[in-house]
Amino acid sequence: MSPVGSVPRFAALARKPLVLATAGLLTLLLVAGMGYFSLRASESQASSLHSLRPDDPQALRVGARIYAQQCAACHGARGEGQPDWRERGPDGLLPAPPHDASGHTWHHPDEQLFAITKQGLARLIKQPDYRTAMPVYDGVLNDDEIVAVLSWIKAQWPPEVRQRHDAINVEYRKSLSR
């Protein structure tokens, strides 16, 4: 016959591994849940970026129209830019760069191109006194129209330039999660 107090003590010892396993499982679930929601948040941030759609016929129709109305006068009908675009003019401003493969537009991720177009380069580089002839399109074009015109520009690039630009976007998005 066992002493009176030994049965509950034995039962408590028998439950200890179960309690530890349950606590460990709950901790694991909590960490996994936090990781899941963190990943979802970063995916949501990446999907909320202003991704260009150079294969979307509707965006390209809108983009071509806007480019002809808003951009071609400075950047050229075919995106060829202005002569000597790397040299400041007598007014101290840089001429409009080309948006074709010979220029540097494709060197920038979608989000940067969007920000330059909507808010201006001075705001993007945080130098409010920076002067440029490029107008700010916030209030002139809505976000979808900006994406459409930038999509049309990208659609004009040769396949190898588009692929390089896609790789730039991948690296940019990776940098957001660091």
Qualifying residues in the range 134-147 (those that are more than 18 Å from Ala64 (Cα to Cα) and in contact with a helix residue (DSSP H, G or I) (Cβ under 7 Å, 6 or more places away or on another chain)) - the one surrounded by the most Cβ atoms within 10 Å (Cβ to Cβ): Met134
Residue in the range 125-138 that is on the phi > 0 side of the Ramachandran plot, out of contact with any Leu (no Cβ under 9 Å at 6 or more places or on another chain) and at pLDDT below 95 present: yes
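Please enumerate the residues belonging to the range 108-152 that are of a type in the set (A, V, I, L, M, F, W, C) and in a loop (DSSP other than H, G, I, E, B).
Ile125, Ala133, Met134, Val136, Val140
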Pairs with Cβ under 6 Å, 6+ apart, first in the range 70-98 and assigned by TED's automatic domain parsing to the domain that holds Gln156, second at pLDDT 95 or above and outside any loop (DSSP other than H, G, I, E, B): Gly81/His75; Ala96/Cys74; Ala96/His75
Count of residues meeting criterion [under 15 Å from the mean Cα position of the chain (by Cα) and without any contact (Cβ under 8 Å) to a residue 24 or more places away in the chain] in the range 113-128: 3
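Return the only residue of Tyr172, Tyr137 being under 30 Å from Gly89 (Cα atoms), out of contact with any Gly (no Cβ under 7 Å at 6 or more places or on another chain) and of a type in the set (Phe, Trp, Tyr).
Residue meeting the stated conditions: Tyr137.
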Filter result (free of Cβ contacts under 8 Å to residues at least 60 places away in the same chain and assigned to a helix (DSSP H, G or I)) within the range 153-170: Pro159, Glu160, Gln163, Arg164, His165, Asp166, Ala167, Val170
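The values are calculated or read from the model by the stated rules, or taken from the named source; none is laboratory data. Not measured: the values here are computed from a predicted model. Virtual Cβ from ideal backbone geometry, glycine too; neighbours counted across all protein chains shown.
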